[in-house]
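Participant: Structure below; questions to follow.
The values are calculated or read from the model by the stated rules, or taken from the named source; none is laboratory data. What you are looking at is a predicted structure, and each value in this text was computed from that prediction instead of being measured. So basically every Cβ, Gly included, is an ideal-geometry build from the backbone, and we count neighbours across all protein chains shown. Side chains included, ligands, DNA and RNA excluded: accessible areas come from the protein's heavy atoms. Shrake-Rupley method; radii C 1.70, N 1.55, O 1.52, S 1.80 Å.
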Amino acid sequence: MLLNEMDDAQARSALRSCCASTAWIERMIRARPFRDVPALLDVADRALAEISEDDVDEALAGHPRIGDRPDNASSAREQSGVAGAAASVLAELRERNASYEERFGHVYLVFANGRPADELLAILEQRITNDATTERRVLREELAKINRARLLRMLSTEHNADEHADDQGVSR
């Protein structure tokens, strides 16, 4: 696993593409080397469970609003189902996002994973009725799903690069 072979600066950069929380990244760095992918995902989940609410807020700062123009490739891929939504659905998402942020003080975070805008809007409408404690628990669960998907995508890209290098007779 290339993540195990990276120096700390390289690993921090790679992990930052998965989660913007410095505390989460540092826990992941200290946990290396990872025995295998399940161990990596287990550590990622435990690290997220252990970080403070301020650290979770730092992670949230790395996520654009659902329906806004994504500012990175991961968010763009995850929100791809929103891209073709009707203008009325996007306008409703913007309005409900603002209400959510006013109620909870942070962006609405959901494991979008290509889901259509109307589905994400329905989830938002359900979650906005949560009390603050419940919503923070749900938010951490959604963040864990996002982190896992991004880690797996990173590892898949790494694996594909290794195979491509092997196909070209390049050692890594």
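Participant: For Arg103 and Asn4, compute 0.36 nm times the residue count separating them, minus their Cα-Cα distance, and round to one decimal in nm.
Facilitator: Roughly 31.6 nm would be gained on extension.
Participant: Suppose every Lys and Arg Cβ carries +1 and every Asp and Glu Cβ carries -1, with no other charges. What dipole size does the range 1-62 come out with about its Cα centre, to the nearest 20 debye?
Facilitator: About 260 debye.
Participant: Suppose the chain between Arg16 and Arg136 were pulled fully straight at 0.36 nm per residue; how much longer would it get relative to their current alpha carbon spacing?
Facilitator: In short, 41.1 nm is gained.
Participant: For Met28, Met154, write out the residues from largest to smallest accessible area, computed with a 1.4 angstrom probe and no ligands counted.
Facilitator: Of Met28, Met154, the descending order of accessible area is Met154, Met28.
Participant: Between Arg32 and Asn113, what is the FRET efficiency for a Förster distance of 41 Å, r being their Cβ-Cβ separation, to the nearest 0.05?
Facilitator: With a Förster radius of 41 Å, E is 0.90.
Participant: With every protein chain present, what is the per residue accessible area of the range 1-62 (1.4 Å probe, Å²)?
Facilitator: Computed with neighbouring chains in place, this is 49 Å² per residue.
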